[in-house]
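The values are calculated or read from the model by the stated rules, or taken from the named source; none is laboratory data. Fair warning: this is a prediction, and the values are worked out from it, not measured in the lab. Cβ placement follows ideal geometry from the backbone for every residue including glycine, while neighbour counts extend to all protein chains displayed.
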Amino acid sequence: MNGTIIIPARRDSKGVPHKNRLLLRHTLSKIPLRYHQKVIISTNDDVIATDVENNYSNCILHRRSEKSAVDTASTIECIKEAVTEFSLTGDIVMLYLTYPERTWEDIEDAWEWYVEKEATSMLCKEEADTHPYLCMFEKENDRGTQIVQHNLCRRQDYPPCFKICHMISIFNILEMKNLNKNLYNNETAFYEIPEHRAEAAALDIDTPRDLEKLKKKYIT
């Protein structure tokens, strides 16, 4: 794996305050030490920055701007800052901290698939919880309107679909300008998470309840 690993770790989180402070070590512990010199941790959090400087000095610290760390900013904005500051070239492996059960083997498998497909951008995909043909936009007075207009009643007639997953995102720096704020476009290749690793993708820390699940599993 010869891409540069970038880990966004901003300070603020409305769902779980300061969750990245708790999750950083879960991710870094999965990355072999020999790769730490290729890891950039992008943060605007002084606590995380101090942790990196004191305990992960082989990693590269990127002081993310406050502009790229507000709630309305997309992750790709901090990636662009890091690319510019460190004059990066080649491929970026972007790892959100919210997937603490992701392993290095998961990353290597995704990387090998990305190279094999000769892709310029890659996201993960997993089985959708429901089909968009069954979903409605809410309207006033308990009414609704279809998200996707159709008149099909048999599920077997619905076109296949999947749910995007940001457990691992890989993209070439030259392709970055063509990606949307969710890090994909019409040319993105979607890597299917193996069935035996579905639980790792399912635990995406976004609420206090998610964090409690993690604590119960790892803290006795």
Self-check item: Among the residues listed as 133, 114, the single one being surrounded by 13 or more Cβ atoms within 10 Å (Cβ to Cβ) and assigned by TED's automatic domain parsing to the domain that holds residue 26
Solution: 114
Quiz item: Within the stretch 140-160, is there a residue that is of a type in the set (A, V, I, L, M, F, W, C) and part of a helix (DSSP H, G or I)?
Solution: no
Quiz item: Hey, among 91, 45, 71, which residue is modelled with pLDDT of 95 or more and either within 19 Å of residue 1 (Cβ to Cβ) or of a type outside the set (S, T, N, Q) (or both)?
Solution: 91
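Each row is one residue, and each column tells you yes or no for (1) within 30 Å of residue 83 (Cα to Cα); (2) among the charged types (D, E, K, R).
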{"position": "159", "(1), (2)": "no, no"}
{"position": "165", "(1), (2)": "yes, no"}
{"position": "173", "(1), (2)": "yes, no"}
{"position": "180", "(1), (2)": "yes, no"}
{"position": "192", "(1), (2)": "yes, yes"}
{"position": "204", "(1), (2)": "yes, yes"}
Quiz item: Any idea which of 88, 97, 61 is closer than 24 Å to residue 199 by Cα, assigned by TED's automatic domain parsing to the domain that holds residue 188 and of a type outside the set (Asp, Glu)?
Solution: 97
Exercise. Can you tell me which residue among 28, 24 is part of a helix (DSSP H, G or I), out of contact with any Leu (no Cβ under 8 Å at 6 or more places or on another chain) and either assigned by TED's automatic domain parsing to the domain that holds residue 109 or farther than 28 Å from residue 208 by Cβ (or both)?
Key: 28
Self-check item: Top-ranked residue in the stretch 29-83 [being touching a residue at least 60 places away in the same chain (Cβ under 8 Å) and not aliphatic (A, V, I, L, M); ranked as surrounded by the fewest Cβ atoms within 10 Å (Cβ to Cβ)]
Solution: 32
Exercise. Can you run down the residue pairs with Cβ atoms below 9 Å, 6 or more apart or on separate chains, where the first is in the stretch 194-212 and in contact (Cβ under 8 Å) with a residue 60 or more places away in the chain and the partner is of a type in the set (A, V, I, L, M, F, W, C) and in a helix (DSSP H, G or I)?
Key: 203/214; 205/22; 205/23; 205/211; 205/214; 211/22; 211/23
Exercise. Would you check if residue 124 is in contact (Cβ under 8 Å) with a residue 40 or more places away in the chain and either part of a loop (DSSP other than H, G, I, E, B) or buried (at least 17 other Cβ atoms within 10 Å of the Cβ) (or both)?
Key: yes
Quiz item: Can you tell me which of 187, 175, 118, 138 is in contact with a Gly (Cβ under 7 Å, 6 or more places away or on another chain), more than 30 Å from residue 22 (Cα to Cα) and acidic (Asp, Glu)?
Solution: 138
Quiz item: Do you know which residues across the stretch 38-68 are hydrophobic (A, V, I, L, M, F, W, C) and in contact with a helix residue (DSSP H, G or I) (Cβ under 7 Å, 6 or more places away or on another chain)?
Solution: 40, 41, 47, 48, 59, 61
Quiz item: Of the residues 145, 103, which single one is outside the structural domain of residue 22 (by TED's automatic domain parsing) and not charged (D, E, K, R)?
Solution: 145
Exercise. State the number of residues belonging to the stretch 167-220 that are modelled with pLDDT of 95 or more, of a type outside the set (S, T, N, Q), assigned to a loop (DSSP other than H, G, I, E, B) and surrounded by fewer than 18 Cβ atoms within 10 Å (Cβ to Cβ).
Key: 1
Self-check item: Only one of 130, 98 that is part of a loop (DSSP other than H, G, I, E, B) and in contact (Cβ under 8 Å) with a residue 12 or more places away in the chain
Solution: 98
